[in-house]
Amino acid sequence: MARADSDYLILGGGCAGLSMAVHLLEAGLGNRRITLLESRSHYENDRSWCRWHWGEHPFQSCVSHRWTRWQVRREQGQAEAASTQHPYEYIAGKDFYDYALARLERDPRVELHLGVEVSETREDRESVAVESTQGSLRGKVVLDARHRFPTSGYSQHFLGWFVRSSKPVFDPDVALLMDFRVDDSQGIHFVYILPFAADYALVEDTYFSASALETQEYETNLRNYLEAHYGAVDFAIEAKERGRIPMMSREIDPHPSPRHYLLGTRGGWVKPSTGYAFHFIQRSCRALAQAFAKDELPPWQRPRSAWTESLDRVFLSYLEHHPEQASALFLQLFSRVPAQTLIRFLMEESTLNEDLAVMRSVPWLPFVSEVARAFSPFVRSRP
């Protein structure tokens, strides 16, 4: 049997792959080695991550902005909530990548190879062989974080502009999580605004639907929104970001074989009903890294509980079949549920009593009718 080139072969160097490598180092590797293969040739400031603050993680220094107040708006009213204990946090892609890459570069047990495509993995009783454009590599464990987006299905898709305004028009103390005062003829549609200063903000045109839009459509929507709500103010676009996040409650096996673990989107670490991923990636990476530190091949652990997955499935089924009710539903959640309770619910850190409190805040009869539909064997692959 050929000697393993590495103890941990991480495939994919995005948020999940880089986080996994850092968490392994934090958990204590001894003399074990990490090899990370990433298809991109360099890192750009191509995305950002947000979450409500919940506990510490290795990337805490990358948080560049926090909001203790946030809003949801629709034509019929608005809701505002606040929490100093769990502020809403923003991490720019560049800051995350710079921190992670510097952390890995300082450790001689880590090798990072960029511009490498993986074509095949083969497992035997002692190791896993990986075929790539770098050649053949062998590891004791493969941690697979390669992004594979479903070819179809319900998703959150968006395009955002980082804009500088000619006048101070934004409230830097309040994050606007959802503004439904937009056209909803193509699905659930809202604008998301993170104001970093009175004259600088990230403004994103966001949809929940089955099909993404052309770039021009998002940008037309953004122009119309800024003109409608800020009038004769000039906006300079300093940067852009675009993304698509699956919102499907799918059957996922994150541990398909004894030496092969799936991470990130592949492993079901994205919360499908919201698209939030960063908190769940950090939580799952920490648990898995700590398990590896104690056991060479830790058993499979469900990344999200069966209960929370069931709640997501019903919620998504409701959104898909009643998109016209989405703005009222989100306004009810943010206006009727105490902020601390709703945050714990969204971060999947809530108690059963808190879950029931959230459920009582929404129209129960339509949701009851969605239970049978959501768990029908004929719609298992759908929201």
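Among what's in the range 189-222 and is in a strand (DSSP E or B) and charged (D, E, K, R), pick the residue that is surrounded by the most Cβ atoms within 10 Å (Cβ to Cβ).
Initially, the range 189-222 is screened for residues in a strand (DSSP E or B), giving 189-197, 200-209.
Going one step further and asking which of them are charged (D, E, K, R), we end up with 204-205.
Details: 204: 22, 205: 25.
Only one residue fits best here, namely 205.
Working only within the range 361-383, note down all residues that are charged (D, E, K, R) and either modelled with pLDDT under 75 or surrounded by fewer than 16 Cβ atoms within 10 Å (Cβ to Cβ) (or both). If you could, list the steps in order and put the result at the bottom.
Kept after step one, since they are charged (D, E, K, R), are these residues of the range 361-383: 370, 373, 380, 382.
Correct list: 373, 380, 382.
Screening 106, 73 for residues that are surrounded by fewer than 17 Cβ atoms within 10 Å (Cβ to Cβ) and outside the structural domain of residue 242 (by TED's automatic domain parsing) leaves exactly one candidate, 106.
If you check residue 86 against the conditions, is it more than 24 Å from residue 284 (Cβ to Cβ) and modelled with pLDDT of 90 or more? No; evaluated as a whole, the condition is false for this residue. Within the set 327, 317, 335, 310, the sole residue that is within 30 Å of residue 259 (Cα to Cα), polar (S, T, N, Q) and out of contact with any Ser or Thr (no Cβ under 8 Å at 6 or more places or on another chain) turns out to be 310. Against the conditions (1) outside the structural domain of residue 56 (by TED's automatic domain parsing); (2) without any contact (Cβ under 8 Å) to a residue 40 or more places away in the chain; (3) assigned to a helix (DSSP H, G or I), residue 287 satisfies every one except (1).
For the range 312-335, check the following and say yes or no: at least one residue is at pLDDT 85 or above, surrounded by fewer than 16 Cβ atoms within 10 Å (Cβ to Cβ) and within 21 Å of the chain's Cα centre (by Cα). No; the residues of the range 312-335 include none that is at pLDDT 85 or above, surrounded by fewer than 16 Cβ atoms within 10 Å (Cβ to Cβ) and within 21 Å of the chain's Cα centre (by Cα). Of all residues in the range 327-368, those that are over 25 Å from residue 269 (Cα atoms), of a type in the set (S, T, N, Q) and assigned to a helix (DSSP H, G or I) total 3. Just so you know, in the range 119-129 the residues that are in contact with a Lys or Arg (Cβ under 7 Å, 6 or more places away or on another chain) and outside any loop (DSSP other than H, G, I, E, B) include one that is surrounded by the fewest Cβ atoms within 10 Å (Cβ to Cβ), and it is 123. Put simply, of 233, 270 the only residue that is touching a residue at least 12 places away in the same chain (Cβ under 8 Å), within 21 Å of residue 13 (Cα to Cα) and either assigned by TED's automatic domain parsing to the domain that holds residue 203 or β-branched (Val, Ile, Thr) (or both) is 270. With the condition kept exactly as written, say whether any residue in the range 236-256 is assigned to a helix (DSSP H, G or I), out of contact with any strand residue (DSSP E or B) (no Cβ under 6 Å at 6 or more places or on another chain) and either aliphatic (A, V, I, L, M) or crowded, with 20+ Cβ neighbours inside 10 Å (or both). No, the conditions are met nowhere in the range 236-256.
Within the range 146-181, being of a type outside the set (Phe, Trp, Tyr) and touching an Asp or Glu at 6+ places or on another chain (Cβ under 8 Å) holds for 159, 160, 163, 164, 165, 166, 167, 168, 169, 174, 181.
Tell me whether the range 43-65 contains one or more residues that are outside any helix (DSSP H, G or I), among the polar types (S, T, N, Q) and modelled with pLDDT of 95 or more. Yes, because at least one residue in the range 43-65 is outside any helix (DSSP H, G or I), among the polar types (S, T, N, Q) and modelled with pLDDT of 95 or more. Cβ separations smaller than 6 Å between residues 6+ apart or across chains give the following pairs from the range 343-356 residues that are within 17 Å of residue 88 (Cβ to Cβ) to residues that are polar (S, T, N, Q) and part of a helix (DSSP H, G or I): 348/308.
Residue check: is residue 225 in a helix (DSSP H, G or I) and either surrounded by 15 or more Cβ atoms within 10 Å (Cβ to Cβ) or among the charged types (D, E, K, R) (or both)? Criteria met by residue 225. If the condition is being part of a helix (DSSP H, G or I) and surrounded by 22 or more Cβ atoms within 10 Å (Cβ to Cβ), then the range 265-279 contributes 265, 267, 279. Exactly one residue among 124, 95 is at pLDDT 95 or above and either outside the structural domain of residue 330 (by TED's automatic domain parsing) or over 21 Å from residue 23 (Cα atoms) (or both), and that residue is 95. The residues of the range 26-78 that are of a type in the set (Asp, Glu) and farther than 30 Å from residue 9 by Cβ amount to a single one, 75.
The values are calculated or read from the model by the stated rules, or taken from the named source; none is laboratory data. From a predicted model like this one, the values you see are computed outputs, not experimental measurements. With ideal geometry, Cβ positions are generated from the backbone for all residues, glycine too; neighbour counts draw on all protein chains shown.
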